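A.B. asks: The structure under discussion is supplied below as structure tokens; questions concerning it will follow.
The values are calculated or read from the model by the stated rules, or taken from the named source; none is laboratory data. All values reported here derive from a predicted model rather than from experimental measurement. Cβ: placed from backbone, ideal geometry, glycine included. Neighbour counts: every protein chain shown. Surface accessibility is based on the protein's heavy atoms, side chains included, excluding ligands, DNA and RNA. Shrake-Rupley method; radii C 1.70, N 1.55, O 1.52, S 1.80 Å.
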Amino acid sequence: MSGSVIIRHGHEIVDGLIIYNETPLSWEDADAKAGRRLDRRKAWAFIDDGLCVLARWTQSCSGCSYVGERGGGCSECGYHGVVRSGAWVPA
């Protein structure tokens, strides 16, 4: 799986949902903006003129688990007891 780069220009709220205004960026433009060569295997974003990388992790499903314990599964997690989460973090 190859990575990608986006630049976030802002956001708006529509019917209670946050809609981000993002556009893709070429690897050459992203390298120039970052001042270094970015790892092509990762997902990158320029948010508020700062470079961020996408961090992903697995955690217990909130719909079927007890505090800190893996659940038996529900429709939220596809009956696996765990879900994938992610967030942009400063690089």
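A.B. asks: Can you order the peptides 39-45, 74-80, 18-24 by their average number of other Cβ atoms within 10 Å per residue, highest first?
C.D. replies: Final packing ranking: 39-45, 74-80, 18-24.
A.B. asks: Return one whole number: the accessible area per residue of the chain in Å², for a 1.4 Å probe.
C.D. replies: On a per-residue basis, the chain sits at 72 Å².
A.B. asks: Roughly to the nearest percent, how much of the accessible area of segment 11-59 is carbon and sulfur, given a 1.4 Å probe?
C.D. replies: Carbon and sulfur atoms account for 49 percent of the accessible area of segment 11-59.
A.B. asks: Relative contact order of the chain: what whole-number percent is it, with Cα pairs under 8 angstrom and at least 6 residues apart?
C.D. replies: Taking the mean separation of contacting Cα pairs over the length of the chain, I get 23 percent.
A.B. asks: While we're on this one: For the chain, what does -39500 (n - 2.57) per DSSP helix run (n ≥ 4), summed and divided by total residues, give at 222 nm, in deg cm²/dmol to the nearest 500?
C.D. replies: Rounded to the nearest 500, the figure is -2500 deg cm²/dmol.
A.B. asks: Give the cysteines in the chain for which no other Cys Cβ lies under 4.7 Å away, or write none if there are none.
C.D. replies: Result for the chain is 52, no neighbouring Cys Cβ within the cutoff.
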